[in-house]
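Every number in this text was worked out from the coordinates using simple rules, so none of it is lab data. What you see is a predicted model; the values in this text were computed from it and never measured. In this analysis, Cβ positions are derived from the backbone assuming ideal geometry, glycine residues included, and neighbour counts consider all displayed protein chains.
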Amino acid sequence: QSALTQPRSMSGSPGQSVTISCTGTSSDVGAYNYVSWYQQHPGKAPKLMIYYVSQRPSGVPDRFSASKSGNTASLTISGLQAEDEADYYCCSYAGRYTNWVFGGGTKLTVL
Amino acid sequence: EVQVLESGGGLVQPGGSLRLSCAASGFSFSSYWMTWVRQAPGKGLEWVANIKGDGSEENYMDSVKGRFTISRDNAKNSVYLQMTTLRVEDTAVYYCARDWNWSVGNWGQGTLAIVSS
């Protein structure tokens, strides 16, 4: 059960946009539209930000958008704000035997 | 409001056992898969196990198969994770969560399990 590949860290200035990638394989990200993204602030529980590749739960700002192409999913945060500084994790369904696999996480710094 | 609250974490020696509990409220508990996800100190998230709403199906990550057992009591709106033959590398914050639309929708605050001699 190998983790999905994310950049370890990214940064951006307030107001800018950043895109976090999440690379899997044809057995997980490429095979299913069950990709989700989570935001985790230090010492807090993760929070669901995106489900079904690109859907936002109610209450998540529309500054957060996501997509998938082939084996790679992406999360874009537009108009960066200070409170967006957090760790972000992608997750994908990987079939009946592997079930779910997370990415290693990306630490986003707002400069 | 959906709420999930874990308990049962603590310090245990390698080879020991620990039972985590998770109390849920605010939704029709028996209709949802429930999941345990863990996070080792300073590390990323790792899916551990899940269980179907009626308890008829369970799934586990490879490294815990045969050592961990997930179960639920729908009369008590609770899900459990029985952990046996614990290893140092099982040390983590364990999160209980409600599955929602093929994602981990609602997370608890986590409970810390430390395996150390």
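Using unit Cβ charges (K, R positive; D, E negative) and no other charged atoms, how large, in debye to the nearest 20, is the dipole of chain A about its Cα centre?
Dipole size: approximately 180 debye.
Calculate the mean, over all residues of peptide B:91-100, of how many other protein chain Cβ atoms lie within 10 angstrom of the residue's Cβ.
1
Given the protein assembly as shown, what count of lysine pairs have C-alpha atoms under 21 Å apart, with each pair 8 or more places apart or on different chains?
The number of close lysine pairs in the protein assembly as shown is 9.
With viscosity set to 0.692 mPa s and temperature to 37 °C, compute the Stokes-Einstein D of the protein assembly as shown, Rh being the Kirkwood radius across alpha carbon pairs; µm²/s, no decimals.
For the chosen part, D equals 184 µm²/s.
Computed over the Cα atoms, what is the radius of gyration of chain B divided by 2.2 N^0.38 Å, N being its residue count?
Chain B yields a ratio of 0.99.
List B:30, B:56, A:74, B:103 from most exposed to least, where exposure is judged by having the fewest other Cβ atoms within 10 Å.
Result, fewest neighbours first: B:56, B:30, A:74, B:103.
Tell me, how many Å apart are the Cα centres for region A:71-85 and for region A:1-51?
Computed from Cα coordinates, the inter-centre distance equals 9 Å.
Per residue of A:47-56, count partner chain C-beta atoms within 10 Å of its C-beta, then hand back the mean as an integer.
Across A:47-56, the average partner-chain Cβ count within 10 Å equals 3.
Which of the cysteines found in the protein assembly as shown have nothing to pair with, since no other Cys Cβ lies under 4.7 Å from theirs?
Cys with no partner Cβ under 4.7 Å: A:91.
With springs connecting C-alpha atoms under 10 Å apart, model chain A as a Gaussian network and identify which of A:30, A:59, A:15 has the largest mean-square fluctuation.
Of A:30, A:59, A:15, the most mobile in the Gaussian network model is A:59.
Tell me which residues come under 5 Å, amide H to amide H, from residue A:50 once H is placed; ignore anything under 5 positions away on its chain.
Those lying under 5 Å, H to H, from residue A:50 are A:37.
How do B:63, A:69, B:21 line up, fewest other C-beta atoms within 10 Å first?
A:69, B:63, B:21
Name the most mobile residue of A:98, A:23, A:72, meaning the one with the largest mean-square fluctuation, in a Gaussian network model of chain A with Cα contacts below 10 Å.
A:98
Anyone know which of B:83, B:34, B:61 comes out most mobile in the 10 Å Cα GNM of chain B?
Per the Cα network of chain B with a 10 Å cutoff, B:61 tops the list.
Would you mind listing how long region B:48-115 runs along its three principal axes, going by Cα atoms, in whole Å with the largest first?
Taking the Cα atoms of region B:48-115, the three principal extents are 32, 24, 24 Å.
Return the sequence-ordered ³J(HN,Hα) values of region B:98-112 in whole Hz as given by the Karplus equation 6.51 cos²θ - 1.76 cosθ + 1.60 applied to θ = phi - 60°, using x for Gly and Pro.
Residue by residue, region B:98-112 yields 8, 6, 8, 6, 6, 8, 8, x, 10, 9, x, 8, x, 9, 8 Hz.
Could you pull out every residue, at least 5 positions away or on a different chain, whose amide H is within less than 5 Å of the one on residue B:55? Hs are placed 1.01 Å off N in the peptide plane, and Pro or chain starts have none.
Those lying under 5 Å, H to H, from residue B:55: there are none.
Only counting other Cβ atoms within 10 Å, I'd like B:54, A:28, A:87 sorted with the fewest neighbours first.
Fewest to most other Cβ atoms nearby, the residues stand as B:54, A:87, A:28.
How much net charge surrounds residue B:103 when only the other residues with a Cβ under 12 Å from the Cβ of residue B:103 are counted, with Lys and Arg +1 and Asp and Glu -1?
Around residue B:103, the charge tally is +2.
Across the residues of A:32-39, average count of Cβ atoms on other protein chains within 10 Å?
If you average over the peptide's residues, the count of other-chain Cβ atoms is 2.
For chain A, take every pair of Cα atoms, bin their distances at 5 Å starting from 0, and report each bin as a whole percent.
In whole percents, the pair-distance histogram is 2, 14, 25, 25, 19, 10, 4, 1, 0.
Explain nothing, just compute: Karplus ³J(HN,Hα) = 6.51 cos²θ - 1.76 cosθ + 1.60, θ = phi - 60°, for every residue of region B:56-63 in order, whole Hz, x for Gly and Pro.
So the J values, rounded to whole Hz, are 7, 9, 9, 9, 9, 6, 4, 6.
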